[in-house]
Structure formats: structure tokens, C-alpha cells
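One structure is given here, and the rest of the page talks about it.
The values are calculated or read from the model by the stated rules, or taken from the named source; none is laboratory data. Everything quoted here is computed from the prediction, not taken from an experiment. Backbone-built Cβ (ideal geometry, glycine too); neighbour counts: all protein chains shown. Side chains are part of the model used for accessible areas, which takes the heavy atoms of the whole protein and leaves out ligands, DNA and RNA. Shrake-Rupley method; radii C 1.70, N 1.55, O 1.52, S 1.80 Å.
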Amino acid sequence: MNKKRVAALVKELIQEIGEDPAREGLLKTPERVADAYAFLTSGYRTSARRVINNAMFNAEANNMVLLKNVEVYSLCEHHMLPFFGACHIGYIPRKKVLGVSKLARIVDCYSRRLQIQERLTAQIAHDIMDAINPEGVGVVMECRHLCMIMRGVEKQDSVMVTSSVLGSFHNDTSTRSEFLSLVGK
Ligand code: ZN
């Protein structure tokens, strides 16, 4: 990302919304915004596959692995405003498991982009499926979207819930039920 170019664009944006980019409090804002966007969109410059490949372990167990309440911070692609909440990931390994911290990094890799929550949820599930070929994967995500909350007073408490279930989590009703009851759905 060209931070200088982004800072120049932010300066123009500040002007167009009716502010004075030369005002003292705003002088360094374009550079700060450019830095913030570099971080918030760093997923475009990160390979989830590389994250995963370094952290696969052999395992014999074929019980459900569940990681709850992974924090999610992303930007909606319609308004470039934040949406944030929690993600719950479950899978039943066949031969390989993933390091727990890597699951969280997969979430970061896809959430630090312009996203819609539905696609973000599916990308995480598919990535785990492709990487370790488990019996099944389930991802549930619960987020609040500032584009809804800030713009509509009646929508303050709305939480969007999305899910993506693959393999046995999709085909086997009892596996899916076990997963959903473990995540509290
Ligand atoms: Zn939005």
C-alpha cells in the first residue's frame, strides 16, 4: 500500500466533507489514517495458506475441536465502516489439527480486508477445510455493524449471525447440533 498516496487522498476527503486539513488537530490526520488503513487492510498482504502450513500437527483424535469467542474486527465493503464481534470455529480432524493461535490468525487474515460477514465466515471455513481435510468444519460469527448502528437509532442492538458448515457439519444433523449447542446457538 502506498501510504503517501493514501494520505493525500485522505487530505482531499477531509477537505470535501467541509473541514480544514490545515487545522491544527487535523494536520497529521492523513498520515495517521493511512497507517490505520495499512493495518486494517493488512489481510491483502498476508497469505492464510502460509499461516496454516507452518502450524499443522498430526493427531489421532477425531473428536470435535472448538475455539470460541475469537475476536473479529473488519470493515464492511459497502460503507468501509467497522463491523466487529466474535467468531466460533469447530472442526473434527481426520489426521491433522491446527495450532490454536493459527485459527485466530486465519480470522485476522480474512477480516483485515473489505468484507461482508457472509463471505468472511465462508472463507474461514473453506480455508480450514482445504488445509487439513477434516471430517467437517463449522464457523459461526456474530457481529455488530457500525453502518447499521450509527445510522439507525432503532437498530442499536442488532447482531448479525452468519454460519458456514462443511463436510460432516453439513451432512450430519447430530454433528451440526452438537456444534451449535457447544457455541450456544
Ligand atoms: Zn455497511
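Before moving on, here are some points about what is shown:
- Taking HIS78, HIS88 and ordering them by how much accessible surface each has at a 1.4 Å probe, largest first, produces HIS78, HIS88.
- 14 Å beta-carbon shell around LEU75, net charge (K/R +1, D/E -1): +2
- Sum of -39500 (n - 2.57) over DSSP H runs of 4+, divided by residues of the chain (222 nm, nearest 500): -12500 deg cm²/dmol
- In this label model, VAL161 and CYS147 are separated by 2.3 nm, measuring between points 7 Å along each Cα→Cβ vector.
- Full extension of the chain between GLN15 and ALA38 yields a length gain of 6.1 nm, computed as 0.36 nm times the residue separation minus the alpha carbon distance.
- Ordering of 157-166, 51-60 by packing is 157-166, 51-60, highest average first (other Cβ atoms within 10 Å, averaged per residue).
- Order by protection proxy (mean Cβ within 10 Å, highest first), peptides 8-14, 138-144: 138-144, 8-14
- With every protein chain in place, segment 32-148: carbon and sulfur % of accessible area (1.4 Å): 53 percent
- Here's the picture: charge each Lys and Arg Cβ at +1 and each Asp and Glu Cβ at -1 in the chain, and of SER47, VAL137, HIS78 the one pushed furthest to the positive end of that dipole is SER47.
- Net charge dipole size for the chain [Lys, Arg +1 and Asp, Glu -1 on Cβ; Debye, nearest 20]: 560 debye
- The residues of segment 15-60 expose, per residue, 73 Å² of accessible area to a 1.4 Å probe.
- Residues TYR73 and ALA22, FRET efficiency given R0 of 30 Å [Cβ-Cβ distance, rounded to 0.05]: 0.45
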